[in-house]
Amino acid sequence: MNRKHPIPLRKLDDELETFAKALPNFETVKDVRQERELRIIKLTRYLSNSLKLMNKLENCHPEYPCNSAACPECIRMHRLEMTKEVMTICSNLDEWKSVTLIFYQDAISNDDFWGFDLNKLKRRLRRWLNDCGFSTMVIGGYEMDFHTDVQKWLPHFHLIVPNEPDAINKLRIKMKSQQNAVFRQKIINRPILVNNLKIPEKQISYHFKSIWWRIESISYDETIKIGLKVRKRKRRTKKFRLKKKEYIQSLLMLDKIGISELTFMYKVKKYGSHLVIKD
């Protein structure tokens, strides 16, 4: 950035910065400044539809932040506040699970990208959580990744849910409905992934990140022998940065949605930097 007076790094209060150092591989103030400058450079090349966001990021200052979901410096503060609060609430790890919900039925192409209704999907998810009988807080973040093999964006949520087996099983049934089961030919989808909180500080902070990825699918023709059985080697996926068109789209969409709307909350409210569970 060409400035006579460079914008200072956005260091947070001592408590949050100390907390950040305790999180595995959490980004530093220098990391997010570097990422912010990269995004400004990328946006500069697409001035026809990204000038407003470019200016917003370029003028973001610690004393008057832009609060855009496309700004890595603003997202860093949000992630730290949310992670700290959720870890406090979830101090008894046996009472909570990490869940990823992938909505294959809502996959969208680039042509339909701007018409996607996130609020409609969130209302459906809240209705399902209520139907399943979750008794307390469900919280996390919304993302979309671009899957190159099918040229579609896949909406998904990373959530912290109460460890309530009956409710989780009911949710699993809903996520595995026939509508959500068919996406790729001859590929078994996994619309719901449930994990224990083994590394809570890493898992919880991951739930509130704000970067969308390009997912490459890698298939194998060869077979492998497992005991007496011969099976085809499993397909795997790998994450990469989005390419030009999708990258700019993702930044503009993150900015449009906003930090608060990317955060999914059920039976919990945020007041300032604090979370309060609803009765």
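The values are calculated or read from the model by the stated rules, or taken from the named source; none is laboratory data. Values in this document were obtained by computation on a predicted structure and should not be read as measured data. Neighbour counts run over all protein chains shown; Cβ positions are idealised from the backbone, glycine included. To get the accessible areas, we keep the full protein, side chains included, count just its heavy atoms, and leave off ligands, DNA and RNA. Shrake-Rupley method; radii C 1.70, N 1.55, O 1.52, S 1.80 Å.
Of everything in the range 202-215 that's touching a residue at least 60 places away in the same chain (Cβ under 8 Å) and open to solvent by 50 Å² or more (accessible area, probe 1.4 Å), which residue is nearest to the chain's Cα centre (by Cα)? Among those residues, the one meeting the criterion is TRP213. Taking the criterion of being closer than 16 Å to SER250 by Cα, open to solvent by 60 Å² or more (accessible area, probe 1.4 Å) and modelled with pLDDT of 95 or more, the only residue of the range 39-68 that qualifies is LYS56. Can LEU93 be described as open to solvent by 20 Å² or more (accessible area, probe 1.4 Å), touching a Leu at 6+ places or on another chain (Cβ under 7 Å), under 20 Å from LEU275 (Cα atoms) and aliphatic (A, V, I, L, M)? Yes, satisfied.
For the range 78-103, the set of residues classified as in a helix (DSSP H, G or I) and farther than 16 Å from ILE168 by Cβ consists of HIS78, ARG79, LEU80, GLU81, MET82, THR83, LYS84, GLU85, VAL86, MET87, THR88, ILE89, listed by residue number. Beta carbons closer than 9 Å, at least 6 apart along the sequence or on distinct chains, pair a first residue in the range 245-271 that is at positive phi with a second that is open to solvent by 10 Å² or more (accessible area, probe 1.4 Å) for GLY258/ASN67; LYS267/SER135; LYS267/THR136; LYS267/ILE277; LYS267/LYS278; LYS267/ASP279.
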